[in-house]
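A short worksheet on the structure shown next.
The values are calculated or read from the model by the stated rules, or taken from the named source; none is laboratory data. Quantities reported herein were computed from a predicted structural model and do not represent experimental measurements. Please note: Cβ atoms are built from the backbone with ideal geometry, for glycine as well, and neighbour counts cover all protein chains shown. Calculation scope for accessible area: heavy atoms of the full protein, side chains included, ligands and nucleic acids excluded. Shrake-Rupley method; radii C 1.70, N 1.55, O 1.52, S 1.80 Å.
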Amino acid sequence: MRRKIAIVGGGITGLTAAYQLLKLADAAKEEIDCHIFEASSRLGGKILTYREQNLVLEAGPDSMLARKPAGVQLIRDLGLESEIIEQNPNARQTYIVKNGQLVHMPGGTQMGIPIHFTPFLETPLLSAAGKTRVFSDLVLPKREDPSDESLGHFLRRRFGDELTDSLCEPLLAGIYAGRVDDLSLQATFPQFADLEKKYRSVILGLRKTAHPTTASTSGRSAFITLRGGLQSLIDRLSEVLSDSAQFHLRTPILEIQRLETGGYELSTAYEHFSFDCVLWTTDTQNLLKAANKLLPVGSNQWLNVPAVSTATILLGYTPDQLNHSLDGSGFVVPRLENRAITAATWTSSKWPHTTQGRFSLIRCYVGRSGQQEILELDDKQILQKVRRDLEDLMGIQASPYFTHITRWQEAMPQYLVGHRERIRTFKQHMATHTPGFLVAGASYDGGVGIPDCVLQGQKTATDAWMYMHTEIFR
Ligand SMILES: Cc1cc2nc3c(=O)[nH]c(=O)nc-3n(C[C@H](O)[C@H](O)[C@H](O)COP(=O)(O)OP(=O)(O)OC[C@H]3O[C@@H](n4cnc5c(N)ncnc54)[C@H](O)[C@@H]3O)c2cc1C
């Protein structure tokens, strides 16, 4: 019996899931019908690389964490290992904006938390009182309550407000374009809760367990990318899948319903398709819209995952235009600084292969939770604000040789306090009410990073495979 499975969403989660299913089918010497439905005209979702005049311009993610193995393993599996590029070791320094100045991130910190004390004691980023408060983590008792709390609540009680607002907020919440006081500790940085539980002091725990590629003083690259941009991963996946899977681009799924026979019917604007199993990888809003009649009561609450809009702005300068050496990987901007830019990557320094010395490339982010008004402006106005910040912070007055603005509408899912528990409850209900209808992707419970999405895609595809090989299909 040839099983039919639909994957909704052609981002990295959906494509990895399809790849995993076809590998499982291959190993079992079985054939399956795998259909991938994608609303837009291209595959990749948030992964989007422009390749223009031999430049590699990332509009979405620009790299992935090397220490999470799923991403690197997938790259190897697809034969792209020789394309892996590590971050320039000479451009490791990160800056933080403090009172309108770029200040070195102190060495020996992990995610803003000091592991080595001397450089931290010397940094002008915190007052003496702020530093003293950070070290009270060494003596504070641990929290006994196992329930979730906000990342901000955790950081403030362990390290105080100053470290939280000046360093941790832009570094940690910045990954989600969120606010530390809204984001769930359990869903974003559960390792902090584990460290507190095990070692009481988070600093002591980090000193015992610090991973060599994450401490800012280490020698190895914490991030990797691909020579032709992350789009190469998408291109390779679609190439490998093209023989055995069917792609349906520009085909948003508008409705999913249960069939009396046990499978599911997917409806587009013009057609209906039936499947044994459906793996859904879009954001929760699109899921709620399409599966409105099918999902268990309570889904609206469980799937309340607001998403924040952001934009990336690429500014390319000829080398003679810049009076700044871009001697690092870029900077992050705490909210207190009231800037349009939330963070900037000095791309041509961090990833020299992207411009090969022909341009100095700066990539700025705007928009985060509570600071999204900027996205109501037109491109010209956004660019003006970004350039004003670059002039203030880096002294850049020159007009960029080229610019590229990409808007990401409601693109960054916010894992609010209690997120993991809500998604777990939702999935449990789904397993009972809608067996064979599975969800995965950045909006659910595995993390927003590319390796997290890869892992979720693989795991959920394996669950789908197991489901299709249960008794009812025999
Ligand atoms: C600006 C930005 C920078 C980032 N930087 C990094 C980074 O440096 N490193 C990192 O690891 N991560 C980064 N991320 C996060 C990471 O890129 C994403 O979390 C990840 O790519 C999400 O993949 P996904 O497949 O789960 O979802 P998506 O990529 O969103 O894919 C979902 C797909 O579903 C489609 N879809 C939606 N509704 C329907 C429907 N009804 N029918 C059919 N198709 C539908 C969408 O068009 C989309 O293509 C960044 C994200 C953004 C926005």
Within segment 350-394, track down each residue that is assigned to a loop (DSSP other than H, G, I, E, B) and either free of Cβ contacts under 8 Å to residues at least 60 places away in the same chain or not assigned by TED's automatic domain parsing to the domain that holds Ile84 (or both). Gly357, Leu377, Asp378
Restricting segment 8-29 to residues that are part of a loop (DSSP other than H, G, I, E, B) and in contact (Cβ under 8 Å) with a residue 12 or more places away in the chain, the one farthest from the ligand (Cβ to nearest atom) turns out to be Gly10
Taking Val454 as the residue in question, decide whether it is more than 20 Å from Arg368 (Cα to Cα), among the hydrophobic types (A, V, I, L, M, F, W, C) and either more than 16 Å from the ligand (Cβ to nearest atom) or surrounded by 18 or more Cβ atoms within 10 Å (Cβ to Cβ) (or both). yes
Within segment 40-58, does at least one residue satisfy the condition of being open to solvent by less than 20 Å² (accessible area, probe 1.4 Å), within 9 Å of the ligand (Cβ to nearest atom), assigned by TED's automatic domain parsing to the domain that holds Met468 and touching a Phe, Trp or Tyr at 6+ places or on another chain (Cβ under 9 Å)? no
In segment 337-371, which residues are farther than 13 Å from Ala91 by Cβ and open to solvent by 30 Å² or more (accessible area, probe 1.4 Å)? Glu337, Asn338, Arg339, Gln356, Gly357, Arg358, Tyr365, Gly370, Gln371
Residue by residue through segment 397-451, note down the ones that are hydrophobic (A, V, I, L, M, F, W, C), within 16 Å of the ligand (Cβ to nearest atom) and part of a loop (DSSP other than H, G, I, E, B). Ala440, Ala442, Val448
Test: Leu326 is of a type in the set (A, V, I, L, M), within 30 Å of Val103 (Cβ to Cβ) and not in a strand (DSSP E or B): yes
What number of residues in segment 102-124 are over 23 Å from Gln191 (Cβ atoms) and hydrophobic (A, V, I, L, M, F, W, C)? 3
In segment 15-30, the residues that are within 9 Å of Arg3 (Cβ to Cβ) and open to solvent by 30 Å² or more (accessible area, probe 1.4 Å): Glu30
What strands (runs of 3 or more DSSP E), lying completely within segment 76-126, carry at least 3 residues that are of a type outside the set (A, V, I, L, M) and under 27 Å from the mean Cα position of the chain (by Cα)? 94-98
Give the residues of segment 420-473 that are charged (D, E, K, R) and closer than 18 Å to Glu260 by Cα, sorted by residue number. Glu471
Given the residues Ser221, Ser274, which is the only one that is away from the ligand (no atom under 14 Å from the Cβ), touching a residue at least 24 places away in the same chain (Cβ under 8 Å) and not in a helix (DSSP H, G or I)? Ser274
Just to be sure, is Val139 farther than 30 Å from Asp62 by Cα and open to solvent by less than 10 Å² (accessible area, probe 1.4 Å)? no
